[in-house]
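To start, the structure under review is shown below, and the notes come after it.
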Amino acid sequence: MKIVIVGAGKIGYSLAEELANENHDITVVDIDKEKVKLLSDTLDVMTLCGNGAAISVQREANVDESDLLIAVTAQDELNMLACIVARKLGCKNTIARVRNLEYTEQLYVLKSELGLSMTINPELLAAKEIYRLLQIPAFIKRDTFAEGKAEIVELFIADGSPLDGLQLADLRRKIRVHVLICAVLREEKVFIPDGSFVLRKGDKIYVTAPASSLVELTHELKLRSKKSKNVLIVGGGRIAEYLAPMLIKTGTSIKLIEMKRARCEYLAEKYPEVSVICSDGSSQAVLRTHNIRQMDAVLPLTNMDEENIIIGMFARKMGVPQLLTKINRLEYGEILGDRGADSLISPKSLSTYAIIRYVRAMENTGGSAVLTIHRLADGSAEEFAVTDATEHLHERLVDIRLKPGILIVCINHMGKIIIPGGRDTLSTGDTVVIVTTAGREILDLNDIFA
């Protein structure tokens, strides 16, 4: 597809890289010459320097011939205007990044009038991700499928875990919850395991389970299951602003440390239930003063990756049970391993993959559109609709050959979540979750069959 991206910042660059790797025809527009040059030098994409909301610039970028325009500049108003202009020029699909809370609430009503196919709010996506992880602290990551009825969760096998030394063929006898271990990350290598695979401590595993069974799963594995009730947030930016009301509704006790006095006053007035502290949250003395040791969870959410990592490492040293760290440069997380966080929260990545999911659904031609896509380890988990065009309908899974590195991990049949076994089948109207290793591009469900 031909896609025009307006904005060459963090999200724009990430989108251009991902979409170019999927062989789309990409043009990136930005008014900043240095950003445009960087993209031109490092990625195989077309670039154009100019105002992406100007009709003349959009015409030069051939927006009228494009399938999609994605506006992800730092300015909400510019993004919305760029989408309006693109629709007037004939581009049928537009996506805008909108971060302002007031705009987000209005867009629910004005979306169709503005001609927006989709809006993305990176900070709101990050706040929702953090909230979900705080509810069941044992999980490093949670990805939702089947309209929230099923999840793939990431777990770490610690010393003394019931899973250490367990052969997967014995999983159902050891764990009374019906789940499926669909991927294992061991020493930076990803395995799609079979029944002979033996788990060991230090592994990160990805487990598919009905959402209703997650708490029971933590009990079976003797993991911490009670949600974090005392939370310390460092940084009073947009993520904290979105997250605070979510946590207030659940009765969570919140301390929030922010350096800027005006921002502290704003947050204290808006959320009187939150204990807002005007101080330097990167100071170890300040963190000790405000009882970091007694916290169930610490959330470093400042605008500096390095500062968040240092705060996280100190929180780890103080024995904080749960640590969720905001980060934009994911390579930092790869270097640090688990020393800087239990979970890394990347607004950029969350936004990028939400948009890629939309793009892949657009380009699907077989009817079995991608409903959900998430990255896990060095691969992905994708949810597809089963249609009349899907091959092997009503055949037992044990009789169907799949391509290497692919596993069917969940079937949603008329609202019932099935963790599949060899006797299960696919029917029209089902949705299925597929886990794949890196390098496999699946645009249609029929692509999984050998």
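The values are calculated or read from the model by the stated rules, or taken from the named source; none is laboratory data. None of these values were measured; they are calculated from a predicted model. Counting neighbours? That spans all protein chains shown, and the Cβs are built from the backbone with ideal geometry, glycine included. Protein only, heavy atoms only, side chains kept; ligands, DNA and RNA dropped before computing areas. Shrake-Rupley method; radii C 1.70, N 1.55, O 1.52, S 1.80 Å.
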Within the range 2-45, what residues put their amide N at less than 11 Å from the label point 7 Å along the Cα-to-Cβ vector of residue 447? 22-23
Give me the orientation-averaged projected area of the Cα convex hull of the range 408-450, in nm², one decimal. 3.6
Stretched out fully, how many nm does the piece from residue 423 to residue 174 gain, at 0.36 nm a residue minus the Cα gap? 87.5 nm
Charge dipole (the chain, unit charges on Cβ, about Cα centre) - positive-most of 82, 311, 437: 311
For the chain, with the dipole built from +1 on Lys and Arg beta-carbon atoms and -1 on Asp and Glu ones, taken about the Cα centre, which of 4, 250, 156 lies farthest toward the positive end? 250
Please compute the contact order of the range 368-432 in relative form: average sequence separation of alpha-carbon pairs under 8 Å and at least six residues apart, divided by the residue count, as a percent. 36
So if R0 is 22 Å, what FRET efficiency would residue 55 and residue 113 give, r being the distance between their Cβ atoms, rounded to the nearest 0.05? 0.65
In whole angstrom, and with the biggest value first, how far do the Cα coordinates of the range 1-89 range along each principal axis? 31, 25, 19
How high is the relative contact order of the chain, in percent, counting Cα pairs under 8 Å that sit 6 or more residues apart? 11
Per residue, how many Å² of accessible area does the range 222-261 show with a 1.4 Å probe? 47
Value of [θ]222 nm, deg cm²/dmol, for the chain, DSSP H segments ≥ 4, -39500 (n - 2.57) each, nearest 500: -9500 deg cm²/dmol
Per q in 0.17, 0.22 1/Å, what log10 I(q)/I(0) does a Debye calculation on the alpha-carbon atoms of the range 222-285 return? -0.57, -0.86
Using the Cα atoms of the chain, I'd like the radius of gyration and the largest Cα-Cα distance, Dmax, both in angstrom. 22.9, 66
Please identify the cysteines of the chain that lack any partner cysteine with a Cβ under 4.7 Å from their own Cβ. 49, 83, 91, 182, 410
Projected onto the charge dipole of the chain (+1 at Lys/Arg Cβ, -1 at Asp/Glu Cβ, origin at the Cα centre), which of 417, 290, 274 gives the Cα projection farthest towards the positive end? 290
Got a number for carbon plus sulfur as a percent of the chain's accessible area, 1.4 Å probe? 50
